[in-house]
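Below you'll find the structure, written out as structure tokens, and then a few comments.
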Amino acid sequence: MSTKFALANWTFLDAAVLSAHAHAPWGQPDTPPPVHVTFVDWIPGICSLLGYLTINFIDKDRVRGDEGYGDAGAVWRARVALFLGFALMAGGLAGSVTVLILKYILNGYTEQFTYYGYANVSQSVALMLSAIVLWFAQSGSNEYEYNLTL
């Protein structure tokens with residue numbers, strides 16, 4: 001789980017650093033780099049990260065509606081928060097694909113510069129996979145779990 005999370009954020013950070021230190025295209029020293037990573041590129045990753053945090057802060061037993069976790073309203077609120085977390089992650093993925101297509105592919109930049117868009121998409125996908133793996137890992141019953149009741 002943590003490797004996917006780290007890889008997700010590292011790929012985009014790598015693209016942002018490469019963009020900040022981008023040089024002119026090879027053989028054209030007077031031409032500035034055609035594109036940089038701007039705040040628009042950061043928005044999908046921020047949405048995906050907020051969705052990831054929202055999903056993983058929700059207690060799984062509360063979503064299931066197990067006893068001892070408050071009233072039915074608490075279960076409903078947990079499910080709404082879970083939906084909003086997945087919606088943020090889906091919106092982040094859709095936004096990163098949109099930025100990739102509109103900003104990098106349609107303008108016909110070279111691979112050196114389209115990498116910024118691919119890194120953005122891979123960040124959103126890796127955050128989604130990380131959240132899904134963590135959700136299923138925490139939702140399963142633990143074989144070493146003991147329930148002691150009096």
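The values are calculated or read from the model by the stated rules, or taken from the named source; none is laboratory data. Quick caveat, the model's predicted, so the values are computed rather than measured. So basically every Cβ, Gly included, is an ideal-geometry build from the backbone, and we count neighbours across all protein chains shown. Ligands, DNA and RNA are excluded from the accessible area calculation, which covers all protein heavy atoms including side chains. Shrake-Rupley method; radii C 1.70, N 1.55, O 1.52, S 1.80 Å.
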Running a GNM on the chain with Cα contacts under 10 Å, which residue among Phe113, Phe57, Phe86 ends up with the highest mean-square fluctuation? Phe57
Taking all protein chains together and a probe of 1.4 Å, list Asp41, Asp71, Asp61 from the most accessible to the least accessible. Asp71, Asp61, Asp41
First measure r as the distance between the Cβ atoms of Trp42 and Arg64, then evaluate 1/(1 + (r/R0)^6) with R0 = 35 Å and state the FRET efficiency to the nearest 0.05. 0.50
Max mean-square fluctuation residue, GNM over the chain, Cα-Cα springs under 10 Å, options Val37, Val121, Val17: Val17
The correct ranking of Ile55, Ile101 by accessible area at 1.4 Å, largest first, is Ile101, Ile55
Between region 5-59 and region 85-144, the Cα center-to-center distance that results, in Å: 12
Given the DSSP H assignment, sum -39500 (n - 2.57) over each helix run of at least 4 residues in the chain and divide by its residue total; what's the result at 222 nm in deg cm²/dmol, nearest 500? -23000 deg cm²/dmol
With a 10 Å cut-off between alpha carbons and a GNM built on the chain, which of Leu106, Leu84, Leu13 moves the most? Leu106
Taking the alpha-carbon set of the chain, what are its Rg and Dmax in Å? 20.3, 79
Which of Cys47, Val133, Ile105 sits farthest toward the positive end of the charge dipole of the chain, with +1 on the Cβ of Lys and Arg and -1 on the Cβ of Asp and Glu? Ile105
